[in-house]
Amino acid sequence: MKTESGEIEIVWDNNTWRKIVNKSFYPLVKQTTNDRFVILYGGRSSSKSDFCSKMIIYKMLNDSNWLGVLMRNTFATIKDTSYKAVKDSVYRMGLDSFFTFKTSPLEIECKTGAKLLCRGM
């Protein structure tokens with residue numbers, strides 16, 4: 001998973017994406033790789049958080065300059081929701097050796113240098 005220069009290179013092809021995301025969100029995979037904002041909607045348990053977690057992980061592994069912010073109205077709830085969703089996805093996919101999970105401040109850092117900050121409004 002490392003290139004000769006020591007950088008992490010993760011390639012998820014169409015078959016991989018079809019296996020790891022809900023078929024409802026699969027058409028968004030190519031679209032969201034370059035979009036700055038993506039708005040998803042759906043009912044409870046529609047796998048929005050799961051899809052977003054995997055897109056965040058993909059972007060963090062493939063772009064060392066990537067910086068994201070997870071936001072919720074109340075900071076107190078973010079650790080048990082959005083932060084946990086990303087962390088759980090990392091562990092389920094066996095990519096935990098590439099990520100550091102910090103609790104103070106609450107953020108996720110990838111070995112590539114990409115970061116995901118967690119903030120409340």
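The values are calculated or read from the model by the stated rules, or taken from the named source; none is laboratory data. The model shown is predicted, which means the values in this text are computed figures rather than measured ones. Neighbour counts run over all protein chains shown; Cβ positions are idealised from the backbone, glycine included. SASA here: full protein model, heavy atoms, side chains in, ligands and nucleic acids out. Shrake-Rupley method; radii C 1.70, N 1.55, O 1.52, S 1.80 Å.
Some observations on this one:
- 16 Å tail of the calculated P(r), the range 11-68, as % of Cα pairs: 40
- In terms of Cα atoms, the Rg and Dmax of the chain work out to 14.2, 44 Å.
- Rounded to the nearest 20 debye, the dipole magnitude of the range 26-108 is 160 debye, with +1 charges on Lys and Arg beta carbons, -1 on Asp and Glu beta carbons, and the Cα centre as origin.
- Shape of the range 63-121, Cα gyration tensor, a/c cut at 1.5: oblate
- Among ASP96, ASP88, ASP13: highest mean-square fluctuation, GNM of the chain, C-alpha pairs under 10 Å: ASP13
- Once the 1.4 Å probe is applied to the protein heavy atoms, the chain comes out at 65 Å² accessible per residue.
- Protein heavy-atom surface of the chain, 1.4 angstrom probe: 48% of the accessible area is carbon and sulfur, with nucleic acids and ligands not counted.
- Accessible surface for SER64 stands near 60 Å², nearest 10, in the context of the full protein assembly shown (1.4 Å probe).
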